[in-house]
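Take a look at the structure set out below.
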Amino acid sequence: MIRSTFFVGIIVLLGALKAQEVPASLTNIHYDAEKKLYWFKDGERKLWEQPRPARYTVDQFVNGITGTENGLAFDFGDTSLNGTLYYGLIPYGDGKYAIPVWFNRSVKIEKGLAEVDIRKTLSGTYDMTGWVEKRFGVLGYRIATATGALLYDGKIEFSAVDKFKPENTIIDGPFIDMVTENSAFLSFTTNKECEPFVVVGANEYKLTKAKYHELFLNDLKPETVYKYSVNVAGTFHEHHFRTAPKKGSNRKFTFAYASDSRAAQGGGERSLYGANVYIMRKIMALAAYKNVDFMQFTGDLINGYAYDPEDNRLQYRNWKNAVQPFAANFPIYETMGNHEGLHTRFVDPDQASRWIRVDRFPYDSLSAGKVFADEFVNPVDPMLLSEDGSIYDPSKTTTDFPSYSENAYHFTYGNTAMIVLNSNYWFGPDVRKEKYLSGNPHAYIMDNQFDWLKGMVHFYERDTSIKHIFVTVHTPMFPNGGHSGDDMWYAGNNAVRPRIAGKETQFGIIERRDQILEVLVNKSKKVRAVLTGDEHNYNHLVINPEMEIYPPNWDKPKISLKRTIYQINNGAAGAPYYAQEKLPWSKYCKSFTTRNALVFITIDGDKVEVQTINPDTLEEIERFSIN
Ligand SMILES: [Fe+2]
């Protein structure tokens, strides 16, 4: 989240005025006299909003900690929660990455309560951080249910002068984001309101009293390593980051690419309430080991598909906790997939299996994109605000769509530009099954975003300091395994398209795919590859003029591609796998694997090299050049 922008302020203000209204972009949704929300197709049964409060929240796992004579007591605020609390000291300063070193015993969680006797268990030969002498330490804790399901990994700073006392603690971050040649954005959240002390290089900052803290650093020098330190109690969180090369510089650099890290089977950390933390940790460790300049992560970070924003927030927190030790040192650019979805669900009271979903509103506080933007720091492009103002906008004077702020954007690094799309904007997963429902189907790039993409590619084509453009989008243009029934293909069904205020848009999903191809392939010499996910496997596809890309009965104009680009699909960051399917373009699909994967793209002047490594085994999957 970026608090300090003009645009965020404007959007919040407009939204506040519209609070209890149904956006004009939707259809057949109304409030009854008691302000209960329903969906009603004339002459049919009413489907009622079904609230689904979050089962667990971040707050309940971080707020109920108190000091005792000999340690800390935890009250997780849920008398039905029984299980295990794992714990261990976090040795800040011992190495670059502070992660809990689990103690050799655990305690029980009974009726939501647990107690750790720090004095007895973590003293003597188990006190590697020197907390007894310093009278200060940091405890990591992990909440597991009675069946072994992992819910949350937390940390708490504590003092131990006489009694033990929980202290101000950074519970999210610090993260470094949006590192440019002369600026960077530092952010973190504390358990309590406090005034953190931050040192960056030779500068010191005392931040204002708050829980969420951000610091925009500018006047930095290009290609320079900056050490920084954040302090909210007794611990100095020491990290560093490296600024980008000057725009247009041909300095060699590497970035990492992956997507789809939602929870999987296999037990343990492969499912830490919403995310596959096992693979994400390994991905980040490998990315750090390879000294990447940044990471691009394109959607389906978590299971999501929730109703209550607190549900998605806990899952995002688990993902962020997994990447944080590394993401304090280099930026991750995230965007959304379908699983970031946050939906109002309308259910038929007599037929529970009959339900429909729309992106939650009011959009300024509850849309999937807004909650996503709250949780991550990514660029805001004032040239792409929302789908308001498109030819389908039902009301020119009101805000009828969610914001693209921090979920569709672009940035540059050296001689390279990245355009980040959101193909699950205003996502309505059931828009296909119910023709009286408005929304955007999975994978469709709506008009304003498409026009913006066209403008961005045109802009970077003319920018002589940029040699390479990458476009990233969660959903492949050409699915190869797992999503042939949707993505930008829908088994060849071009009828799929958004419905806005009850009206279908002019272009179907395959036409829109072709329009995107026209921009990326025919109107561009610099777009090298489209980085995709959604399909939980790794492969690359050589998109080329010979490729068959239409269903047999296609009666619309066909595009003829003038050059070759790549589609690199890496949805192999931990979500459950899909095998390869047979599609018209399959013979151009290379190196298909269901192994976990992390893609490294190295830019060296004019050259682009791709190397893909399995983060679990460190085995190289493949290596190829693009040019
Ligand atoms: Fe997906």
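The values are calculated or read from the model by the stated rules, or taken from the named source; none is laboratory data. For clarity, every value in this text was computed on a predicted model and none was experimentally measured. Glycine gets a Cβ as well: all are built from the backbone with ideal geometry, and neighbour counts include every protein chain shown. Just so you know, the surface numbers come from the protein's heavy atoms only, side chains and all, with ligands and any DNA or RNA stripped out. Shrake-Rupley method; radii C 1.70, N 1.55, O 1.52, S 1.80 Å.
Once the whole set of protein chains is in place, how much accessible area is left on residue 46, using a 1.4 Å probe, in Å² to the nearest 10?
About 80 Å², ignoring ligands and nucleic acids.
For region 378-524, what is one quarter of the convex hull surface built on the Cα atoms, given in nm²? Mind showing how you got there, number by number?
Details: hull surface 36.7 nm².
The orientation-averaged projected area of the Cα hull of region 378-524 comes to 9.2 nm².
Treating the beta-carbon of each Lys and Arg as +1 and of each Asp and Glu as -1, no other charges, what is the dipole magnitude of region 69-163 about its Cα centre, to the nearest 20 debye? Working shown, then result.
Details: 11 positive and 12 negative charges, 34 e Å.
Here region 69-163 has a charge dipole of around 160 debye.
Would you work out the Kirkwood radius for region 24-130? I mean one over the mean of 1/r across all pairs of different Cα atoms, in Å. Please report the intermediate quantities before stating the final value.
Details: mean 1/r = 0.0551 Å⁻¹.
Roughly 18.1 Å, rounded to one decimal.
How much of the accessible area of the chain, probe 1.4 Å, is carbon plus sulfur, in whole percent?
Values: 12460 of 24540 Å².
Ligands and nucleic acids excluded, carbon and sulfur reach 51 percent.
In whole angstrom, how far apart do the alpha carbon centroids of region 143-162 and region 231-246 sit?
Between the Cα centre of region 143-162 and that of region 231-246, the gap is 25 Å.
Spelling out what I want: for every residue of region 177-192, take phi, set θ = phi - 60°, compute 6.51 cos²θ - 1.76 cosθ + 1.60 (Karplus), and round to whole Hz; glycine and proline get x.
9, 6, 7, 10, 5, 9, 8, 7, 10, 9, 8, 6, 10, 10, 5, 10
In whole Hz, what ³J(HN,Hα) sequence does region 100-105 give by Karplus (6.51, -1.76, 1.60; θ = phi - 60°), x for Gly and Pro?
Result, rounded to whole Hz: x, 9, 5, 6, 7, 9.
Report ³J(HN,Hα) in whole Hz for each residue of region 259-264, in order, from the Karplus equation J = 6.51 cos²θ - 1.76 cosθ + 1.60 where θ = phi - 60°; Gly and Pro get x.
Residue by residue, region 259-264 yields 7, 6, 10, 5, 4, 9 Hz.
Keeping every protein chain present and rolling a 1.4 Å probe, give me the accessible area per residue for region 444-539 in Å².
Numbers: 2630 Å² over 96 residues.
Dividing the accessible area of region 444-539 by its residue count gives 27 Å².
Rounded to whole Å and ordered largest first, report the semi-axes of the equivalent ellipsoid of the chain derived from its Cα gyration tensor (root of 5λ). Spell out each step's value before the answer.
Numbers: eigenvalues 315, 184, 108 Å².
Each semi-axis is the square root of five times an eigenvalue, giving 40, 30, 23 Å.
Can you compute the helix-only [θ] at 222 nm over the chain? Use -39500 (n - 2.57) per DSSP H run of at least 4 residues, normalise by all residues, nearest 500 deg cm²/dmol. Mind showing how you got there, number by number?
Numbers: 10 runs with 94 residues, N = 627.
Estimated from H runs of four or more residues: -4500 deg cm²/dmol.
In the full protein assembly as shown, how much of residue 507 is accessible to a 1.4 Å probe, in Å² to the nearest 10?
Ignoring ligands and nucleic acids, residue 507 comes out at about 60 Å².
In square angstrom, what is the accessible area per residue of region 306-381 with a 1.4 angstrom probe?
Numbers: 1590 Å² over 76 residues.
In whole numbers, region 306-381 has 21 Å² accessible per residue.
Of 259, 625, 249, which has the most accessible area with a 1.4 Å probe, and how do the rest follow in descending order?
On the way: 259 0, 625 65, 249 25 Å².
Result, largest first: 625, 249, 259.
Taking N as the number of residues in region 312-447, what is its Cα Rg relative to 2.2 N^0.38 Å? Numbers along the way, then the final one.
Details: Rg = 16.5 Å, N = 136, 2.2 N^0.38 = 14.2 Å.
Relative to the rule-of-thumb radius for its length, region 312-447 sits at 1.16.
Where nothing but the Cβ of Lys and Arg (+1) and of Asp and Glu (-1) is charged, how large is the charge dipole of the chain around its Cα centre, in debye to the nearest 20? Please report the intermediate quantities before stating the final value.
Values: 71 positive and 76 negative charges, 174 e Å.
Roughly 840 debye, rounded to the nearest 20.
Quick one: of the DSSP bridges fully inside the chain, what percent are antiparallel, nearest 5? Don't skip to the answer; put the middle values down first.
Details: 112 of 136 bridges.
Of those bridges, close to 80 percent are antiparallel.
Express the accessible area of region 70-178 per residue in Å², computed with a 1.4 Å probe while the remaining protein chains stay in the model.
Details: 4910 Å² over 109 residues.
Per-residue value: 45 Å².
Placing +1 on the Cβ of each Lys and Arg and -1 on the Cβ of each Asp and Glu in region 492-627, which of 589, 510, 536 has its Cα farthest towards the positive end of the resulting dipole?
Among 589, 510, 536, the one farthest towards the positive end of the dipole of region 492-627 is 510.
Projecting each Cα onto the charge dipole of the chain (Lys/Arg +1, Asp/Glu -1 at the beta carbon, about the Cα centre), which of 47, 76, 417 comes out farthest on the positive side?
Selected residue: 417.
Dividing the alpha-carbon Rg of region 515-574 by 2.2 N^0.38 Å yields what?
Details: Rg = 13.0 Å, N = 60, 2.2 N^0.38 = 10.4 Å.
This ratio for region 515-574 stands at 1.25.
Treat every Asp and Glu Cβ in region 443-586 as -1 and every Lys and Arg Cβ as +1, leave all other atoms uncharged, and give the resulting dipole magnitude about the Cα centre to the nearest 20 debye.
Working: 17 positive and 16 negative charges, 103 e Å.
Roughly 500 debye, rounded to the nearest 20.
Which of the residue pairs 227/320; 282/370; 108/134; 41/503; 290/523 have a Cα-Cα distance greater than 25 Å in the structure shown?
On the way: 227/320 21 Å; 282/370 29 Å; 108/134 28 Å; 41/503 15 Å; 290/523 34 Å.
As for pairs spanning more than 25 Å Cα to Cα, those are 282/370; 108/134; 290/523.
How far is the Cα center of region 612-627 from the Cα center of region 486-508, in Å?
35 Å
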